[in-house]
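Colleague: Mind having a look at this structure? Questions to follow.
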Amino acid sequence: MSERFTKGMARNIYYGGGAFFFLLFVALTVDTVTVLPKRENRELLTAEVAHGKEIWEKNNCVGCHSLLGEGAYFAPELGNVFQRRGMENEQVFKAYFSAWMKAMPTGVEGRRQMPQFHLKEQEINDLAEFLIWTSRIDTNDWPPNIEG
């Protein structure tokens, strides 16, 4: 090999590397597009789930909570709250969630307090439906621990 690094060699490395990483990007994009439909649960979307998402956004829940790793880390992750607090039973979770939302703020000294949003029973149910739907997305075992 030559002792000199020529312009031609630099050009070949630049174009070769660019082509390699472009092809890698295309391959990873194709892989993602083919895998996503198997991991999401779009067929389970209902009007209640969509309304729950609207309530989630309107009340800026993501300002304190994270959902599937996105959002603030001030309050607990809610991507797996259905498994943690509902034991995979929708009726148990909805009863727990309704009682929790109505009890806020708890007034316990030294604890962070969640505000009272004064949601109607149907809104609480729809928000619970959204959290149940979210928990059924295949997230590759995110969050890494059960408490988020």
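Colleague: Give all pairs with beta carbons closer than 6 Å in which a residue from the stretch 93-110 that is among the aliphatic types (A, V, I, L, M) meets a residue that is in a helix (DSSP H, G or I); count only pairs at least 6 apart in sequence or on separate chains.
Modeller: Final answer for the pair search is Met101/Ile124.
Colleague: Suppose we filter Leu36, Leu28 for residues that are open to solvent by 50 Å² or more (accessible area, probe 1.4 Å), part of a helix (DSSP H, G or I), closer than 22 Å to Pro143 by Cβ and free of Cβ contacts under 8 Å to residues at least 12 places away in the same chain; which single one remains?
Modeller: Sole residue among the options that is open to solvent by 50 Å² or more (accessible area, probe 1.4 Å), part of a helix (DSSP H, G or I), closer than 22 Å to Pro143 by Cβ and free of Cβ contacts under 8 Å to residues at least 12 places away in the same chain: Leu36.
Colleague: Read through the list (1) farther than 21 Å from Asn145 by Cβ; (2) open to solvent by less than 40 Å² (accessible area, probe 1.4 Å); (3) among the aliphatic types (A, V, I, L, M), then give the number of the only condition that Leu45 fails.
Modeller: (2)
Colleague: Could you pull out the residue among Val92, Val81 that is within 22 Å of His118 (Cβ to Cβ) and of a type in the set (Val, Ile, Thr)?
Modeller: Matching residue, one of Val92, Val81: Val81.
Colleague: Working carefully through the options Phe130, Phe117, find the one that is among the hydrophobic types (A, V, I, L, M, F, W, C), more than 27 Å from Val35 (Cα to Cα) and in contact with a helix residue (DSSP H, G or I) (Cβ under 8 Å, 6 or more places away or on another chain).
Modeller: The conditions single out Phe117.
Colleague: Could you identify the single residue in Glu3, Glu43, Glu48 that is of a type outside the set (S, T, N, Q), free of Cβ contacts under 8 Å to residues at least 40 places away in the same chain, under 30 Å from Phe97 (Cα atoms) and out of contact with any strand residue (DSSP E or B) (no Cβ under 8 Å at 6 or more places or on another chain)?
Modeller: When all the criteria are applied, what remains is Glu43.
Colleague: Among what's in the stretch 68-103 and is part of a loop (DSSP other than H, G, I, E, B) and more than 15 Å from Ser135 (Cβ to Cβ), pick the residue that is most open to solvent (accessible area, probe 1.4 Å).
Modeller: Looking at the filtered set, the residue picked out is Tyr73.
Colleague: For the stretch 51-67, give me each residue that is of a type outside the set (Lys, Arg) and either touching a strand residue (DSSP E or B) at 6+ places or on another chain (Cβ under 9 Å) or exposed (fewer than 13 other Cβ atoms within 10 Å of the Cβ) (or both).
Modeller: Trp56, Glu57, Asn60, Cys61, Val62, Gly63, Cys64, His65, Ser66, Leu67
Colleague: On to the next question. Would you please name the residue that is nearest to the chain's Cα centre (by Cα), looking only at residues in the stretch 112-148 that are open to solvent by less than 30 Å² (accessible area, probe 1.4 Å) and among the aliphatic types (A, V, I, L, M)?
Modeller: Of everything passing the filter in the stretch 112-148, Leu131 is nearest to the chain's Cα centre (by Cα).
The values are calculated or read from the model by the stated rules, or taken from the named source; none is laboratory data. Every value quoted in this text rests on a predicted model; they were computed, and no experiment measured them. Virtual Cβ from ideal backbone geometry, glycine too; neighbours counted across all protein chains shown. Side chains are part of the model used for accessible areas, which takes the heavy atoms of the whole protein and leaves out ligands, DNA and RNA. Shrake-Rupley method; radii C 1.70, N 1.55, O 1.52, S 1.80 Å.
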